[in-house]
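A.B. asks: There's a structure below that I have some questions on.
The values are calculated or read from the model by the stated rules, or taken from the named source; none is laboratory data. Only a predicted model underlies this, so the values are computations on that prediction, with no experimental measurement involved. Here the Cβ positions follow ideal geometry from the backbone for every residue, glycine too, while neighbour counts run over all protein chains shown.
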């Protein structure tokens with residue numbers, strides 16, 4: 001759970017004139033904090049096209065959302081989170097599952113791909129797991145990385 005890959009040429013543009021150059025650490029921190037994920041104690045460093053997260057977050061969900069919030073930034077190809085600690089880890093914390101959106105994908109297709117045929121209706125879980133970075137279920141783009149939460153057994 002330490003180094004995560006992203007597509008450098010895809011993501012949210014931060015700042016004026018950023019293009020595909022590495023974003024500034026203060027811009028990434030501002031973007032991260034704008035999602036209100038409980039990341040106030042997280043320090044952000046930028047090393048080329050890699051963002052390094054240090055500090056602590058409350059739980060595994062906040063950890064995963066912090067990684068995708070900064071990773072889905074234009075100019076970022078990697079997120080290093082080995083020094084980002086989880087205060088209350090999930091009892092059975094499995095490795096996070098991330099999915100990179102491809103051209104033509106919908107949340108329904110992604111749910112069927114990740115959870116199995118006939119389970120497209122679980123697209124709502126994927127949408128909820130990626131809030132507030134996702135604001136509408138139809139607004140995903142190729143290259144974007146999404147969290148895929150485990151399905152709750154009922």
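A.B. asks: Report, by residue number, each residue of segment 130-151 that is out of contact with any helix residue (DSSP H, G or I) (no Cβ under 8 Å at 6 or more places or on another chain) and under 19 Å from residue 64 (Cβ atoms).
C.D. replies: If the condition is that a residue be out of contact with any helix residue (DSSP H, G or I) (no Cβ under 8 Å at 6 or more places or on another chain) and under 19 Å from residue 64 (Cβ atoms), then 131, 132, 135, 143, 144, 150 are the ones that fit.
A.B. asks: Which residues, counting only those in segment 19-77, are part of a helix (DSSP H, G or I), more than 16 Å from the chain's Cα centre (by Cα) and either farther than 24 Å from residue 140 by Cβ or at pLDDT below 90 (or both)? Step through it out loud before you land on a result.
C.D. replies: Here is the first cut: in segment 19-77, the ones part of a helix (DSSP H, G or I) are 25-34, 60-71.
Applying the additional criterion that residues be more than 16 Å from the chain's Cα centre (by Cα) yields 25-27.
25, 26 - these are the residues of segment 19-77 that are part of a helix (DSSP H, G or I), more than 16 Å from the chain's Cα centre (by Cα) and either farther than 24 Å from residue 140 by Cβ or at pLDDT below 90 (or both).
A.B. asks: Go over the candidates 95, 121, 117 one by one and state the one that is exposed (fewer than 12 other Cβ atoms within 10 Å of the Cβ), closer than 28 Å to residue 55 by Cβ and out of contact with any strand residue (DSSP E or B) (no Cβ under 9 Å at 6 or more places or on another chain).
C.D. replies: 95
A.B. asks: Still on this structure: Does residue 140 satisfy the criteria of being under 17 Å from residue 10 (Cβ atoms) and either crowded, with 21+ Cβ neighbours inside 10 Å or assigned by TED's automatic domain parsing to the domain that holds residue 23 (or both)?
C.D. replies: no
A.B. asks: Among the candidates 95, 90, single out the residue that is out of contact with any helix residue (DSSP H, G or I) (no Cβ under 9 Å at 6 or more places or on another chain), within 18 Å of residue 129 (Cα to Cα), modelled with pLDDT under 90 and in a loop (DSSP other than H, G, I, E, B). Give the steps one after another, and end with the answer.
C.D. replies: Working: 90 fails: out of contact with any helix residue (DSSP H, G or I) (no Cβ under 9 Å at 6 or more places or on another chain).
Of the residues listed, the single one that is out of contact with any helix residue (DSSP H, G or I) (no Cβ under 9 Å at 6 or more places or on another chain), within 18 Å of residue 129 (Cα to Cα), modelled with pLDDT under 90 and in a loop (DSSP other than H, G, I, E, B) is 95.
A.B. asks: Search segment 44-63 for residues being touching a helix residue (DSSP H, G or I) at 6+ places or on another chain (Cβ under 9 Å) and under 18 Å from residue 7 (Cβ atoms), and hand back the single one that is surrounded by the fewest Cβ atoms within 10 Å (Cβ to Cβ).
C.D. replies: Top of the filtered list is 46.
A.B. asks: Tell me which of these residue 110 doesn't satisfy, since it passes every other one: (1) within 30 Å of residue 47 (Cα to Cα); (2) touching a strand residue (DSSP E or B) at 6+ places or on another chain (Cβ under 7 Å); (3) at pLDDT 90 or above.
C.D. replies: In the conditions (1) within 30 Å of residue 47 (Cα to Cα); (2) touching a strand residue (DSSP E or B) at 6+ places or on another chain (Cβ under 7 Å); (3) at pLDDT 90 or above, residue 110 misses (1) alone.
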